[in-house]
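Written below as structure tokens is the structure these notes are about.
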Amino acid sequence: MELRNSANSKISLLSDKRDSISNAGNTQSSYETKVHQRRLIFIGALFAVVILVFGTQIIKSQRDYSQTNQQVELNQAKLKKQQSTQKDLKVQLNQLQDTSYLEKYIRDKYMYTKPGEQVYNLPVNDIGVQK
């Protein structure tokens, strides 16, 4: 028990030491609360920065992955076209090995004629076929 004198009165009051200790504890408790809040804010900000960095890395890698897939699809389409062209050229090469086809091809393409032969060009009607 502690005796306290009031400033305005001549009467002393008895009070518990626990009251004075609790007041000192309140200041210490509020300091601890502020420290905990600052730490929590710092940890939260650090966590947000880490999430932001990793999030941007994930988004960037996802974008790169989709661009790579698009390039692969485009290159596969080009490859199929080239393979088709190569197949057509191989067929044409095989046909050019045949002398009768080669003769017909030269006649049609270059208007080549045998000596004493006359060539007549007829107009082609592509608009409609008459029945």
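The values are calculated or read from the model by the stated rules, or taken from the named source; none is laboratory data. Keep in mind that what you see is a predicted model, and the values were worked out from it rather than measured. Methodologically, a virtual Cβ is constructed for each residue, glycine included, from the backbone with ideal geometry; neighbour enumeration extends over all protein chains shown. What goes into the accessible areas is simple: the full protein's heavy atoms, side chains included, and nothing from ligands, DNA or RNA. Shrake-Rupley method; radii C 1.70, N 1.55, O 1.52, S 1.80 Å.
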query = Quick check: anything in segment 82-93 free of Cβ contacts under 8 Å to residues at least 12 places away in the same chain, open to solvent by less than 100 Å² (accessible area, probe 1.4 Å) and either assigned to a loop (DSSP other than H, G, I, E, B) or in contact with a strand residue (DSSP E or B) (Cβ under 8 Å, 6 or more places away or on another chain) (or both)?
reply = no
Index of the failed condition, Thr113 passing every other in (1) in a helix (DSSP H, G or I); (2) surrounded by 10 or more Cβ atoms within 10 Å (Cβ to Cβ) = (1)
key: Evaluation of Asn121 against (1) assigned to a helix (DSSP H, G or I); (2) polar (S, T, N, Q); (3) modelled with pLDDT under 95 (one fails), failing number   = (1)
